[in-house]
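J.: Structure incoming, see below.
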Amino acid sequence: MKTIAFFDAKPYDKLSFANHFDEDINIRFFENKLNEDTVSMAACCDGVCAFVNDDINKTVIDKLSDYGVGIIAMRCAGYNNVDLKSARGRVSVVRVPAYSPHAIAEHSMGMILTLNRKLHKAYIRTRDHNFSLEGLCGYDLFGKTVGIIGTGKIGSVFADICKGFGMNIIGYDPIENDEFCGEYTELQELFSNSDIISLHCPLTKENRNIICKKTINKMKKGVCIINTSRGQLVNTDDLIDGIKSGQIGAAGLDVYEEETEVFFEDMSQEVIKDDTLLTLISMPNVLVTSHQAFLTGEALDGIAKTTMANLKEYFGGEKLTNEVVAK
Ligand code: NAI
């Protein structure tokens, strides 16, 4: 029997993994995130299962290796929070490359519709018996241009959704995808021609803060920015300046640069100390969701299924289908 230390476990994780129970794998669920302070919880385990806000740096990997932990199973697509160079040759790293691109793409469109048609405002108004339409005017998505940065699995499904709305679709990606229904363009053109910009690329050293003062200034006035990818793609201070000046008309953020201590947690009884997050939340044309774009039953099931298959492959000594290694 192999034992897995499962970090940052939430009730919905326990439910979805229970549906993929395997008699050879014992999962110990911990609510803590995996980091230097908590890594000792993985001592005596054969593997760890981690998520987007765990901090799997060199120190953590050194300790996992000392404990004899052979595998880090990321139950997500991204792995920017794992020091792959430190892991190379010592601890295998696997991920779930695709579970439901529809979940994230649909959430992105949900954010656009909410912000544009001000559904978040309308919901509160009618509950307060205020049936005025003042200030709720949006625009037709039909005929507008959406710029998609990253046209992989999620970006191309999102493009299909936008096509259904009759939008002009342009995309930027260093690697073109035959499934993408839009037209490829240079990044600078995408910035200057898009009414809506949606980020669907992984976080890399090269694209950190791709949305910053310099690029925001090239965008159309009133542009709507949607980020369901990774918080650090956006320089949040520059985004706030852009919103204050009116250069940015709306922002939908499912991810946030400093989300680690706050997102996924109930902070309703606490004083939030992050003034930047508080500023964003206070803005009428900003919608913040708590990294929930993946959260559909289908996606959770896909994550559990692939993670268990990844672990079975590793413990069975098979080739790892979903391994990620440092370049
Ligand atoms: P994918 O690997 O299928 O597609 C990513 C695409 O981005 C690739 O085509 C790649 O060539 C492109 N790319 C890489 N660097 C780029 C750059 N600098 N500029 C433009 N394009 C670039 O990945 P997938 O499944 O579509 O996921 C995309 C991202 O979505 C993930 O990396 C992750 O950060 C995020 N994500 C967010 C979730 C959420 O719940 N909010 C859940 C799942 C993924």
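The values are calculated or read from the model by the stated rules, or taken from the named source; none is laboratory data. Treat the numbers as computed from the prediction; the structure is a model and nothing was measured. Because the Cβ atoms are built from the backbone with ideal geometry, glycine has one as well, and the counts that use them run over all protein chains shown.
J.: Which of the residues belonging to the range 295-307 are among the hydrophobic types (A, V, I, L, M, F, W, C) and either surrounded by fewer than 21 Cβ atoms within 10 Å (Cβ to Cβ) or in contact with a Lys or Arg (Cβ under 7 Å, 6 or more places away or on another chain) (or both)?
T.: Once the filter is applied, which keeps residues that are among the hydrophobic types (A, V, I, L, M, F, W, C) and either surrounded by fewer than 21 Cβ atoms within 10 Å (Cβ to Cβ) or in contact with a Lys or Arg (Cβ under 7 Å, 6 or more places away or on another chain) (or both), the range 295-307 yields LEU295, ALA299, ILE303.
J.: Still on this structure: Could you please give the count of residues in the range 54-112 that are of a type in the set (Asp, Glu) and within 22 Å of LEU203 (Cβ to Cβ)?
T.: Number satisfying all stated conditions: 4.
J.: Could you list, in sequence order, all residues of the range 237-265 that are touching a residue at least 24 places away in the same chain (Cβ under 8 Å), charged (D, E, K, R) and not in a loop (DSSP other than H, G, I, E, B)?
T.: Hits for the range 237-265 are ASP237, ASP238, ASP241.
J.: Right, another one. Name the residue that is surrounded by the most Cβ atoms within 10 Å (Cβ to Cβ), counting only residues in the range 195-236 that are of a type in the set (Ser, Thr, Tyr) and not in a strand (DSSP E or B).
T.: Here the residue is SER229.
J.: Still on this structure: Would you mind telling me which numbered condition in (1) of a type outside the set (Phe, Trp, Tyr); (2) within 16 Å of the ligand (Cβ to nearest atom); (3) surrounded by fewer than 19 Cβ atoms within 10 Å (Cβ to Cβ) ALA251 fails?
T.: The failed condition is (3).
J.: Do you know which residues across the range 58-111 are away from the ligand (no atom under 14 Å from the Cβ), in a loop (DSSP other than H, G, I, E, B) and buried (at least 17 other Cβ atoms within 10 Å of the Cβ)?
T.: Those that are away from the ligand (no atom under 14 Å from the Cβ), in a loop (DSSP other than H, G, I, E, B) and buried (at least 17 other Cβ atoms within 10 Å of the Cβ): VAL69, GLY70, ASP83, VAL91.
J.: Quick one: would you say ALA293 is closer than 19 Å to GLY110 by Cα and either among the acidic types (Asp, Glu) or assigned to a helix (DSSP H, G or I) (or both)?
T.: No: the conditions fail for ALA293.
J.: Just to check your reading of the model, which residue among ARG208, ARG230 is of a type in the set (Lys, Arg) and touching a Cys at 6+ places or on another chain (Cβ under 9 Å)?
T.: ARG230
J.: Tell me which residues, restricted to the range 26-68, are farther than 22 Å from ALA98 by Cα and touching a residue at least 60 places away in the same chain (Cβ under 8 Å).
T.: Across the range 26-68, the qualifying residues are LYS33, ASP46.
J.: So, one more: Answer yes if at least one residue in the range 53-69 is closer than 26 Å to ASP24 by Cα and modelled with pLDDT under 95, and no otherwise.
T.: So far as the range 53-69 goes, no, none of its residues is closer than 26 Å to ASP24 by Cα and modelled with pLDDT under 95.
J.: So GLY166 passes all but one of these: (1) without any contact (Cβ under 8 Å) to a residue 12 or more places away in the chain; (2) of a type in the set (Gly, Ala, Ser); (3) in contact with a Phe, Trp or Tyr (Cβ under 7 Å, 6 or more places away or on another chain). Which condition number does it fail?
T.: (1)
J.: Next up: Mind checking whether some residue in the range 133-153 is within 16 Å of the ligand (Cβ to nearest atom), crowded, with 22+ Cβ neighbours inside 10 Å and within 30 Å of LEU34 (Cβ to Cβ)?
T.: Within the range 133-153, one or more residues are within 16 Å of the ligand (Cβ to nearest atom), crowded, with 22+ Cβ neighbours inside 10 Å and within 30 Å of LEU34 (Cβ to Cβ).
J.: Still on this model: Let me confirm something: among SER156, SER192, SER268, which residue is part of a helix (DSSP H, G or I) and away from the ligand (no atom under 14 Å from the Cβ)?
T.: Just a single option satisfies the conditions, and that option is SER192.
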